[in-house]
Amino acid sequence: MTQTKGIFPMISVQTRPAAKILTAFIILAMFCLSTLCCATALAAQASTDPVRTHCVSSGYLYRTTPSLNGGQGICSFPDNSWCDANEFYNGSCGPRLTPNILPGYAFATGSTKVASMQEICISSGGRIKSVHTPYGDIAICVFPDGTTCDAKAISEGRCGADYWTIYAQSWLNAP
Amino acid sequence: MKNFSAIIALAFLLLLSTAFAEDVSADQLKQMTIKSADEVASYDYSRMAQTAIVYKNESLEDGFVATKTTVGKVNLTAQSGWWSHQLKDTGTGEVLLWQGYFINGKEYWKEGDNWTEFILNDSRAVMEDYNDLPGQAELLNYSDMIITGSEEIEGLDCYKITAEPIAAVQKAIIGTQIFASYLASPFSLPDEFEADDFDFENTSIIENSDVSVTAWVSKNDSLLRRMSIDSSLNLTPAILKIYEQNFTIQSTLHETTDYTDFDQPVQIELPTEALNSSYRMQGADWRWGVFGLVEP
């Protein structure tokens with residue numbers, strides 16, 4: 001005797017209880033596997049360029065190292081801390097700021113909140129402006145008093161410093 | 001005689017008023033250019049960039065020259081954009097092609113013959129990237145600029161402007177140029193560059209680099225019509241904090257962009273082959289990096 005299951009109409013299975021359990025297990029495993037494959041493929045697609053580009057264009061180094069993060073891409077910061085590249089892209093992980101370098105514009109010491117450059121700029125009443133350069137557009141924050149600070153310098157707490165490498169360090173990870 | 005003097009005086013006043021009518025301060029022109037760039041509905045642009053890098057030390061003299069030409073269209077009404085880059089490695093004669101489309105909230109890249117469709121988190125930001133003009137107007141805005149005279153561009157009477165970008169922008173350009181120079185270099189990048197606290201020798205780098213901007217803004221509508229950027233750098237051992245006799249890396253970059261067909265009908269259509277996109281399997285050729293970030 002055979003029976004056709006509604007969810008997989010083309011699969012015929014035996015109705016004995018042990019066989020039923022085994023079949024159900026196999027079907028469930030196949031379903032999970034296919035779901036996992038799809039999710040992995042989607043994650044791979046989603047993490048191709050925008051994730052890497054977001055890390056690199058933010059001035060940090062994108063790396064894949066077998067010994068770190070299970071070989072998945074990481075975005076590493078100047079203090080040698082790092083985030084999973086996808087988490088950095090999603091904004092759920094970011095570099096540690098050094099608030100005392102930029103007291104007026106950064107979050108208080110001890111804050112666990114990860115503040116993006118946009119958050120710091122806007123919370124200070126500033127506006128983000130995209131400025132063309134022959135090497136690609138850069139973002140600067142224009143504060144209410146008219147002073148400006150490079151966006152990367154803000155995110156690293158080095159506003160006002162002589163920081164020639166702030167964009168250039170991403171070239172260590174050149175395409 | 002009285003009438004003749006009156007006519008002369010009137011003519012003088014007319015000339016004077018005409019002269020003042022054309023007069024505009026640099027700050028006023030900055031604001032007008034920003035406003036005009038924000039109000040356009042569509043435009044085309046073309047850009048030519050050329051870089052030349054010379055490497056020298058005691059035993060070696062080498063060089064790298066490449067050009068990158070770009071054409072692009074932007075339709076802000078339809079929220080769509082397109083750019084096409086062609087990079088030519090002058091030394092080998094190799095040509096690399098890269099196109100980008102932003103249509104219906106989706107972005108597609110064509111690299112060589114391969115298409116990739118990107119999953120976008122923030123399509124508004126991507127459209128801002130395709131909208132090339134405001135960033136150039138902001139470069140003028142964040143520069144010390146002087147109106148040096150008038151010149152015609154494509155038959156349009158324009159203010160000619162020379163400008164020097166603010167320090168933050170200059171540092172971004174020169175700092176990137178240093179590392180971009182090393183992409184084609186026969187010399188390896190000094191290990192110290194990876195150190196957290198490494199920075200270049202400030203006085204030497206200022207003395208050995210220059211960034212200048214020349215722009216043309218039409219008088220009738222304050223639209224940016226042409227912008228040229230020149231950046232030159234002479235990397236010396238002092239800048240790099242290394243000790244090597246007769247070592248230099250000289251790098252020049254020249255870029256000119258022309259903007260045309262403002263508010264004219266623009267058609268940007270995605271080729272049907274783009275829908276057969278596959279995953280992007282590898283990064284870009286390193287030579288794109290000589291002209292900056294991988295993104296356009």
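The values are calculated or read from the model by the stated rules, or taken from the named source; none is laboratory data. All values reported here derive from a predicted model rather than from experimental measurement. In this analysis, Cβ positions are derived from the backbone assuming ideal geometry, glycine residues included, and neighbour counts consider all displayed protein chains. To get the accessible areas, we keep the full protein, side chains included, count just its heavy atoms, and leave off ligands, DNA and RNA. Shrake-Rupley method; radii C 1.70, N 1.55, O 1.52, S 1.80 Å.
Selection over the stretch B:144-198 of residues that are touching a Phe, Trp or Tyr at 6+ places or on another chain (Cβ under 8 Å), more than 11 Å from chain A (Cβ to nearest Cβ) and touching a residue at least 60 places away in the same chain (Cβ under 8 Å) gives a count of 10.
Conditions tested, residue by residue: (1) open to solvent by 40 Å² or more (accessible area, probe 1.4 Å); (2) over 25 Å from the mean Cα position of the chain (by Cα).
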{"site": "B:Glu192", "(1), (2)": "yes, yes"}
{"site": "B:Phe200", "(1), (2)": "no, no"}
{"site": "B:Trp216", "(1), (2)": "no, no"}
{"site": "B:Ser231", "(1), (2)": "no, no"}
{"site": "B:Thr256", "(1), (2)": "no, no"}
{"site": "B:Asp261", "(1), (2)": "yes, no"}
{"site": "B:Val266", "(1), (2)": "no, no"}
{"site": "B:Glu273", "(1), (2)": "yes, yes"}
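The residues of the stretch A:124-133 that are closer than 15 Å to B:Ile166 by Cα and open to solvent by less than 20 Å² (accessible area, probe 1.4 Å), listed by number, are A:Val131, A:His132, A:Thr133.
When B:Asn114, B:Asn121, B:Asn202 are screened for being away from chain A (no Cβ under 11 Å) and more than 21 Å from B:Ser36 (Cα to Cα), only B:Asn114 passes.
A single member of B:Ser84, B:Ser80 is modelled with pLDDT of 95 or more, among the hydroxyl-bearing types (Ser, Thr, Tyr) and closer than 30 Å to B:Gln170 by Cβ, and it is B:Ser84. Open to solvent by 50 Å² or more (accessible area, probe 1.4 Å), in contact (Cβ under 8 Å) with a residue 60 or more places away in the chain and in contact with a Ser or Thr (Cβ under 8 Å, 6 or more places away or on another chain): which single residue out of B:Lys56, B:Lys88 fits that description? After applying the criteria, what remains is B:Lys56. Using the structure shown, decide if B:Ala184 is within 17 Å of the chain's Cα centre (by Cα) and buried (at least 16 other Cβ atoms within 10 Å of the Cβ). For B:Ala184, the condition - within 17 Å of the chain's Cα centre (by Cα) and buried (at least 16 other Cβ atoms within 10 Å of the Cβ) - is not met. Set side by side, the residues B:Gly105, B:Gly93 differ, and just one is small (Gly, Ala, Ser), under 19 Å from B:Phe291 (Cβ atoms), open to solvent by less than 50 Å² (accessible area, probe 1.4 Å) and free of Cβ contacts under 8 Å to residues at least 60 places away in the same chain, which is B:Gly93.
Among the residues making up the stretch B:219-265, those that are within 17 Å of B:Gly135 (Cβ to Cβ) and of a type in the set (S, T, N, Q) are B:Ser222, B:Ser228, B:Ser231, B:Thr256, B:Thr257. Would you check which residues across the stretch B:108-127 are surrounded by 15 or more Cβ atoms within 10 Å (Cβ to Cβ) and closer than 26 Å to A:Phe88 by Cβ and list them? Matches in the stretch B:108-127: B:Tyr108, B:Trp109, B:Glu111, B:Thr116, B:Glu117, B:Phe118, B:Leu120, B:Ser123, B:Val126, B:Met127.
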